[in-house]
1. Would you confirm, using the coordinates I've provided, whether TYR467 is open to solvent by 10 Å² or more (accessible area, probe 1.4 Å) and either within 11 Å of the ligand (Cβ to nearest atom) or modelled with pLDDT of 95 or more (or both)?
2. Of the residues GLY452, GLY442, GLY420, which single one is out of contact with any Pro (no Cβ under 6 Å at 6 or more places or on another chain) and farther than 16 Å from PHE84 by Cα?
3. Filter the stretch 133-155 down to the residues that are in contact (Cβ under 8 Å) with a residue 60 or more places away in the chain, over 26 Å from PRO372 (Cβ atoms) and either of a type in the set (Phe, Trp, Tyr) or within 16 Å of the ligand (Cβ to nearest atom) (or both) and list them by number.
4. I'm trying to understand the selection: among the residues of the stretch 407-452, which are under 22 Å from LEU478 (Cβ atoms), free of Cβ contacts under 8 Å to residues at least 60 places away in the same chain and either within 16 Å of the ligand (Cβ to nearest atom) or open to solvent by 20 Å² or more (accessible area, probe 1.4 Å) (or both)?
5. Could you please find all residues in the stretch 284-323 being within 23 Å of PRO248 (Cα to Cα), in contact with a Ser or Thr (Cβ under 9 Å, 6 or more places away or on another chain) and more than 16 Å from the ligand (Cβ to nearest atom)?
6. Could you list, in sequence order, the residues of the stretch 82-132 that are at pLDDT below 95, open to solvent by less than 10 Å² (accessible area, probe 1.4 Å) and more than 30 Å from PHE4 (Cα to Cα)?
7. For LEU304, work out the one condition from (1) surrounded by 19 or more Cβ atoms within 10 Å (Cβ to Cβ); (2) under 21 Å from the mean Cα position of the chain (by Cα); (3) at pLDDT 95 or above it doesn't fulfil.
8. Considering only residues that are more than 23 Å from ASN267 (Cβ to Cβ), part of a helix (DSSP H, G or I) and either open to solvent by 20 Å² or more (accessible area, probe 1.4 Å) or within 15 Å of the ligand (Cβ to nearest atom) (or both), which ones fall in the stretch 156-183?
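The values are calculated or read from the model by the stated rules, or taken from the named source; none is laboratory data. Because the structure is a prediction, the values reported are computed rather than measured. Please note: Cβ atoms are built from the backbone with ideal geometry, for glycine as well, and neighbour counts cover all protein chains shown. In case anyone asks, the SASA skips ligands and DNA or RNA and just uses the protein heavy atoms, side chains included. Shrake-Rupley method; radii C 1.70, N 1.55, O 1.52, S 1.80 Å.
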Amino acid sequence: MSVFRDDFLWGGACAANQFEGAWDVDGKGDSVPDHCTNGSNTNPKRITVDFEPGALYPSHEAIDFYHHYEEDIALFAEMGFKTFRTSINWTRIFPTGEEAEPNEKGLAFYDRVFDCCKKHGIEPLVTISHYELPYALVKKYNGWAGRELVDLYVRYCKVLFERYKDKVKYWLTFNEINCGTMNMGAILELGACQGYNGPCVDIKISDQVRFQALHHQFVASAKAVAYAHEHYPQFKLGNMICFITSYPLTCDPADILANQSRMQLSNWFCSDVQVRGEYPAYMRRYFAEHGVQLQMEPGDEEILRKGTVDFYTLSYYMSNCVTTHDDAEEIGGNMLGGMKNPYLKASDWGWQIDPMGLRYTLKEIYDRYRIPIMVVENGLGAKDVKDADGKIHDSYRIDYLRQHIAQMAEAVKDGVDLMGYTPWGCIDLVSASTGEMAKRYGFIYVNKFDDGTGDLSRERKDSFYWYQKVIASNGEDLD
Ligand code: BGP
């Protein structure tokens, strides 16, 4: 007997800017990622104000889901997906974020996508904002640093809710909102992007600006959630946290405390606000010590209390360690680096692989909040090379996913209410951190390469057939 619920939402996840392409088609405006060049692990991508002739902007074509969605969703259905997590590209709906009326052609595109999902019995799970801010809002308001964005976001949400009310039930307000607590994330959440390395917009990344921008997002999220609860009782709304589990490197009490503070700031703070509906007490000291004075408007605290989410979602790829000792070895990672854990191996991109950490993390989250949880990103970014038979035999990816699903099953046995699992980049897409195609996550290979070439054809990897069996057995058959 499977330990997972009968209605467990198996599926996969993507984000509009990383796979749709068609960046200026049917009235779409330019978003922040449209200004990002390609890069690699060693050569950071750049963000440019104007489009440089000769530079490659991977979001412009990406894998062209915009014109391949029927074929792609049919492949997801063939794997047995129950759900498909994707995001809506804000600039398809409001090209500069401020138009009086939404762009009908953009809205119609997502009608086609959701209808196609429904035809295949796939439940859409929609991220409303996944690093896809209209570029015009960065120029005009310094991105989320501007309070104006709250109302613009809420208006955008209202349009989506009304248009798709019969097609979409599950919504996530902001992807990885906690990245706003990290230096990298601040750049990203203010509207630029990781890999920013040149002057383009006047972004002042002080703690003050960063946490103020985050406050605006909390208020925007809570307003959208409260509005949806009032008008669309059938909706379920979730938060989304980039969970970077960390451990104390040693049992030195100073390390235990340093790790606790890291966990609070990086992982717990945002969900404490979004699930419990108020700023946690530990942030008061942090703000005082870092010179942060939040500007709150009357009613903000009330709206935070009112707009709490129904379920908790996270991305989980890796873990790292924290120490107060200076002789430890550093390691990179998703958004946030840390110290090397001698018990773990890392991916080619330096992300330390830690399946057991997922079980630990799910238990911690459930103990804290007691609401259903969904793992909406997880996976191994790896270089896929075709074998002599012309196929991708990605046993390394299967191993990674198998171990993580096995640990999810343990967490369920431990009592965690887990509602679904959507591994990241279920079809190969552009990497968020490096802008590469070479860092692939998919069950489906896409013939598209870092230099922009490739015929965009799709092929099933070994992991495609493996995941099909996993879903058919509701997570029992992991062989
Ligand atoms: C998460 C983002 C995704 C995704 C993923 C993998 O942080 O939500 O957008 O890209 O990480 O990261 P990368 O593409 O850098 O390998």
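1. Numbers: open to solvent by 10 Å² or more (accessible area, probe 1.4 Å): no; either within 11 Å of the ligand (Cβ to nearest atom) or modelled with pLDDT of 95 or more (or both): yes.
Considered against the rule, which asks whether it is open to solvent by 10 Å² or more (accessible area, probe 1.4 Å) and either within 11 Å of the ligand (Cβ to nearest atom) or modelled with pLDDT of 95 or more (or both), TYR467 comes out as no.
2. Result of the check over GLY452, GLY442, GLY420: GLY452.
3. Within the stretch 133-155, LEU133, TYR135, TRP144 meet the criteria.
4. GLN407, GLU410, ASP414, GLY415, ASP417, ARG440, GLY442
5. Listed by number, the residues that qualify are TYR286, CYS321, VAL322, THR323.
6. GLU132, the sole residue that qualifies.
7. (2)
8. Within the stretch 156-183, LYS158, VAL159, GLU162, ARG163 meet the criteria.
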